[in-house]
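Chemist: Here it is, the structure in full.
The values are calculated or read from the model by the stated rules, or taken from the named source; none is laboratory data. For clarity, every value in this text was computed on a predicted model and none was experimentally measured. Virtual Cβ from ideal backbone geometry, glycine too; neighbours counted across all protein chains shown. Surface areas here come from the heavy atoms of the whole protein model, side chains and all, with no ligands, DNA or RNA. Shrake-Rupley method; radii C 1.70, N 1.55, O 1.52, S 1.80 Å.
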Amino acid sequence: MVKIAFAASDAQIAQRALERLQARYASVPLEEADVIVALGGDGFMLQTLHGTMHLNIPVYGMNCGTVGFLMNEFQDDSLVERLLAAEEEVINPLSMVAADADGVEHKALAINEVSLLRAGPQAAKLRVSVDGKVRMDELVCDGVLVSTPAGSTAYNYSARGPILPIGSDVLALTAMAAFRPRRWRGALLPKSAKVRFDVLEPQKRPVMADADSRHSANVVWVEIASEPNVRHRIQFDPGHGLEERLLREQFV
């Protein structure tokens, strides 16, 4: 028998779904579970993955939100059978270290992307280095991000970045509204790359950093790298895993 722990967002639709499922299926505390069933949208899935990564328990999401790219379809019926048949994807997050103007360092993990965004009326001005070598002396833009394959259909895709196949050892570096160089469309980097952004003119052109919606204000430099020692386990119904979803997104 599969031991299930339920988690739900605060949204009314998710709370109602939680009540229905708990009335039909036995549940256990998180620490005793074989699988976590998360009810909500993609934001809640990311929150659940971050909050339970120390348990090394797979998370099976059911969509009670909007997009639900990381979620399965919600159904009351046959939950145990769906869990037993589920396919698992393992993804590694990005690690971010950002220093602010006071010299305080902020650390965070990001499953989707780490982004730098202008925090004032003027565009950000950044120096871009990869593996200790300066690759761009000056990038003027509204923002820039580094995305994992799992996050490549989120903010990265909205910024016209490439969709990356799950399992590919590649990261996407994508600019938002690049002013200089005008036609720069970003870069594909090996998963092992260590990326550093130095903020030029930080007082005149303040910049904030964001790692899966965790913000750091007034940053002066940010370093980003893949974190292979952290493994997030996500389960999907057969034929509806991340690889299939990434392919489908490119043909709509």
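Chemist: What is the residue count in the range 33-43 for residues that are open to solvent by less than 30 Å² (accessible area, probe 1.4 Å) and at pLDDT below 95? Talk me through it step by step, then tell me what you get.
Modeler: Taking the range 33-43 as the starting set, the residues that turn out to be open to solvent by less than 30 Å² (accessible area, probe 1.4 Å) are 33, 35-41.
When the remaining residues are screened for being at pLDDT below 95, the result is 41.
Looking only at that region, the number is 1.
Chemist: If you don't mind, another one. Based on what the data block shows, is ASN229 under 26 Å from GLY132 (Cβ atoms) and open to solvent by 50 Å² or more (accessible area, probe 1.4 Å)? Walk me through it before giving the result.
Modeler: On the way: under 26 Å from GLY132 (Cβ atoms): yes; open to solvent by 50 Å² or more (accessible area, probe 1.4 Å): yes.
Taking the combined requirement at face value, the residue satisfies it.
Chemist: So, one more: Name the residue, out of VAL199, VAL207, VAL195, that is crowded, with 19+ Cβ neighbours inside 10 Å, in the same structural domain as ARG160 (by the TED database) and over 25 Å from PRO121 (Cα atoms). I'd like the intermediate steps shown before the answer.
Modeler: Values: VAL199 fails: over 25 Å from PRO121 (Cα atoms); VAL207 fails: over 25 Å from PRO121 (Cα atoms).
From the options VAL199, VAL207, VAL195, the qualifying one is VAL195.
Chemist: Condition test on ALA177, is it surrounded by fewer than 18 Cβ atoms within 10 Å (Cβ to Cβ) and either within 17 Å of the chain's Cα centre (by Cα) or modelled with pLDDT of 95 or more (or both)?
Modeler: No, not satisfied.
Chemist: ALA217: open to solvent by less than 90 Å² (accessible area, probe 1.4 Å) and under 21 Å from PRO162 (Cα atoms), yes or no? Write out each step before concluding.
Modeler: Working: open to solvent by less than 90 Å² (accessible area, probe 1.4 Å): yes; under 21 Å from PRO162 (Cα atoms): no.
No, not satisfied.
Chemist: Looking at VAL144, VAL140, VAL134, which one is within 30 Å of GLY68 (Cβ to Cβ) and in a strand (DSSP E or B)? Reasoning before the result, please.
Modeler: Working: VAL140 fails: within 30 Å of GLY68 (Cβ to Cβ); VAL134 fails: within 30 Å of GLY68 (Cβ to Cβ).
Selected residue: VAL144, the only one of VAL144, VAL140, VAL134 that is within 30 Å of GLY68 (Cβ to Cβ) and in a strand (DSSP E or B).
Chemist: Shifting gears a bit: Can you tell me which residue within the range 67-113, out of those that are within 16 Å of ILE36 (Cβ to Cβ) and open to solvent by less than 20 Å² (accessible area, probe 1.4 Å), is nearest to the chain's Cα centre (by Cα)?
Modeler: So the residue we want is ILE111.
Chemist: Another question, if that's okay. So in the range 31-66, with the set limited to residues that are within 20 Å of GLU19 (Cβ to Cβ) and assigned to a loop (DSSP other than H, G, I, E, B), which one is nearest to the chain's Cα centre (by Cα)?
Modeler: GLY41
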